[in-house]
Amino acid sequence: RRRLLTASSPAEPALPPAESSSSPRRLYSPRDRALLIIYTTVAIDMLGSALTVPVMPFLVEALGGDASSLGLLFSTFAVAQIGAGLWMGAASDRLGRRPILLVSLAGSAVGMLGSAQAPTFRALLGWRFLLGAFSGTSATANAYIADITAPSERPKLMSWIGVIASLCFMFGPGVGAGLSELDVPRVLPAGNPL
């Protein structure tokens, strides 16, 4: 039977179910925690790269390179980074997002350590290529965000990846330059992904 509401029998507002006082209220949902981890992972990877920008010209010069060598160094990294976006996307579909993010950070750490200890410019090129080949956290992070969010939320949440990258490259070079003035060992950025 259908019951009609009339003016003589007003509807009572629905009350939320009573919460038990023994269960603590969650401040963040599992999805929010996952997003925080994803954003932190991207920030670690981007900041590691941004810290090295101001010291690269001096490192190239110390290894016998010139301005064209510096351009080649950055281009080598960029070419490898394009490839990283391709293989990491496919691998994260097959193996899962988390393992690929961990492999990316580990590869970045190895690439940074190798770059810091490179004895020749050719060795530096090789290490920077390796570093670029493991720089796919952004693509994998966007795929992870697509997995855990509704389509209407994705543009806003994915745009934070770009914001984080911009912030890292806005402040990272200044921090890297400051650390280089303090004679901090050049291995320091490698510790960032670790």
So, in region 148-189, of the ones that are open to solvent by less than 80 Å² (accessible area, probe 1.4 Å) and part of a loop (DSSP other than H, G, I, E, B), which residue ends up modelled with the lowest pLDDT?
187
Since residue 80 meets every condition but one in (1) open to solvent by 50 Å² or more (accessible area, probe 1.4 Å); (2) in contact with a Phe, Trp or Tyr (Cβ under 6 Å, 6 or more places away or on another chain); (3) small (Gly, Ala, Ser), which condition does it not meet?
(1)
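Look at residue 116 and say whether it is open to solvent by less than 50 Å² (accessible area, probe 1.4 Å), under 30 Å from residue 34 (Cβ atoms), out of contact with any strand residue (DSSP E or B) (no Cβ under 8 Å at 6 or more places or on another chain) and in a helix (DSSP H, G or I).
No: the conditions fail for residue 116.
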Return the residues of region 57-77 that are small (Gly, Ala, Ser), loosely packed, with under 13 Cβ neighbours inside 10 Å and in contact (Cβ under 8 Å) with a residue 40 or more places away in the chain; say none if nothing qualifies.
64
Give region 119-143 a look and list any residue that's in a helix (DSSP H, G or I), more than 22 Å from residue 50 (Cβ to Cβ) and open to solvent by 50 Å² or more (accessible area, probe 1.4 Å), or say none.
122
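The values are calculated or read from the model by the stated rules, or taken from the named source; none is laboratory data. Fair warning: this is a prediction, and the values are worked out from it, not measured in the lab. No Cβ is skipped: glycine too gets one built from the backbone with ideal geometry, and neighbour counts run over all protein chains shown. Remember, those area values only see protein heavy atoms, side chains included, never the ligands or the DNA or RNA. Shrake-Rupley method; radii C 1.70, N 1.55, O 1.52, S 1.80 Å.
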